[in-house]
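Enquirer: Just dropping this structure here.
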Amino acid sequence: MKILLFPGAFQSVENYKHYEGVDIWLKSTPLKNFPFADYYIGHSAGSAFILANCALPTNSKFIFINPIVGKRGVFSIGFVWIKYLIGEGIAWKKIVPIENWLYGLKLAIRLLDVDFSVIIDKIPSENIVIIRGKNDHWICDEEAVKILKEKKIRCIEVNAGHDWDENIAQAVKDLLPVEKISAS
């Protein structure tokens, strides 16, 4: 069973213990020809990256954590990001090295053109699960959940904010097949 994780903006796969993934925020990572996966896990902007850059086999499962739902402009998401950094923050040790920031910023801006709520219509809704931190008032807020529920997408809310933590990790683990859980 192949599980592939795509990290949130400016973060590295190593922050997501127990998962193989693609360091999309490092300029040294080739961003083409991703391997097939039975499960694709995307955190925040990593979810948009999956939808924009990976072949979307209809038999694969998709777990999206606090995705950016809907198309957003640079200024609106920039304002949201500032509010997120002030409200929740992120540990500096989780951020990719500074030499990757300009590259990451360019990638993040390109991903803003990805309309998550439109592209997920190409995937059977039973193959998608959204995990949302109840305290994510910035990126995957209540309005985003409303849009997803209208599309009949299963949403699991956990006691967390936007960033990956032990509650989100447990929710992901609970969604994976038993043989993968015992190997983690």
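Enquirer: One residue is enough: does region 68-83 have a residue meeting the conditions over 26 Å from residue 175 (Cα atoms), in a helix (DSSP H, G or I), at pLDDT 75 or above and not aromatic (Phe, Trp, Tyr)? Before you say what the answer is, go through the steps one by one.
Expert: Step one: of region 68-83, the residues over 26 Å from residue 175 (Cα atoms) are 71-83.
Next cut, in a helix (DSSP H, G or I) only: 74-83.
Then keep just the ones that are at pLDDT 75 or above; that gives none.
Looking through region 68-83, none of the residues is over 26 Å from residue 175 (Cα atoms), in a helix (DSSP H, G or I), at pLDDT 75 or above and not aromatic (Phe, Trp, Tyr).
Enquirer: Any residue in region 33-60 that is within 22 Å of residue 104 (Cα to Cα) and modelled with pLDDT of 95 or more sitting within a Cβ distance under 6 Å of a residue that is among the basic types (Lys, Arg) and not in a strand (DSSP E or B)? List the pairs, counting only those 6 or more apart or interchain.
Expert: none
Enquirer: Further question on the same structure: Give me a count of the residues in region 1-16 that are crowded, with 20+ Cβ neighbours inside 10 Å and touching a Pro at 6+ places or on another chain (Cβ under 8 Å).
Expert: Qualifying residue count for the region: 4.
Enquirer: Next question, about the same structure. For region 12-33, give me each residue that is over 21 Å from residue 177 (Cα atoms) and out of contact with any strand residue (DSSP E or B) (no Cβ under 7 Å at 6 or more places or on another chain).
Expert: 12, 14, 15, 23, 26, 27, 28, 29, 30, 31, 32, 33
Enquirer: A further question follows. Determine the pairs where a residue that is under 9 Å from residue 117 (Cβ atoms), located within region 140-151, has a partner that is of a type in the set (Lys, Arg) with Cβ atoms under 8 Å apart, the partner being 6 or more residues away or on another chain.
Expert: Going by the 8 Å Cβ cut-off, the qualifying pairs are 144/132.
Enquirer: Just to be sure I understand, how many residues within region 17-51 are surrounded by 15 or more Cβ atoms within 10 Å (Cβ to Cβ), outside any strand (DSSP E or B) and not basic (Lys, Arg)?
Expert: Total satisfying the criteria: 17.
Enquirer: Test of understanding: among 111, 105, which residue is surrounded by fewer than 19 Cβ atoms within 10 Å (Cβ to Cβ) and either in contact with a helix residue (DSSP H, G or I) (Cβ under 7 Å, 6 or more places away or on another chain) or farther than 22 Å from residue 57 by Cα (or both)?
Expert: Details: 111 fails: surrounded by fewer than 19 Cβ atoms within 10 Å (Cβ to Cβ).
When all the criteria are applied, what remains is 105.
Enquirer: Follow-up question, since we're still on this one. Tell me, please, whether a residue that is at pLDDT below 95, within 19 Å of residue 6 (Cα to Cα) and among the aliphatic types (A, V, I, L, M) can be found in region 170-177.
Expert: Within region 170-177, not a single residue is at pLDDT below 95, within 19 Å of residue 6 (Cα to Cα) and among the aliphatic types (A, V, I, L, M).
Enquirer: Taking region 1-16 only, how many residues are in contact with a Gly (Cβ under 6 Å, 6 or more places away or on another chain) and in a helix (DSSP H, G or I)?
Expert: Qualifying residue count for the region: 1.
The values are calculated or read from the model by the stated rules, or taken from the named source; none is laboratory data. All values reported here derive from a predicted model rather than from experimental measurement. With ideal geometry, Cβ positions are generated from the backbone for all residues, glycine too; neighbour counts draw on all protein chains shown.
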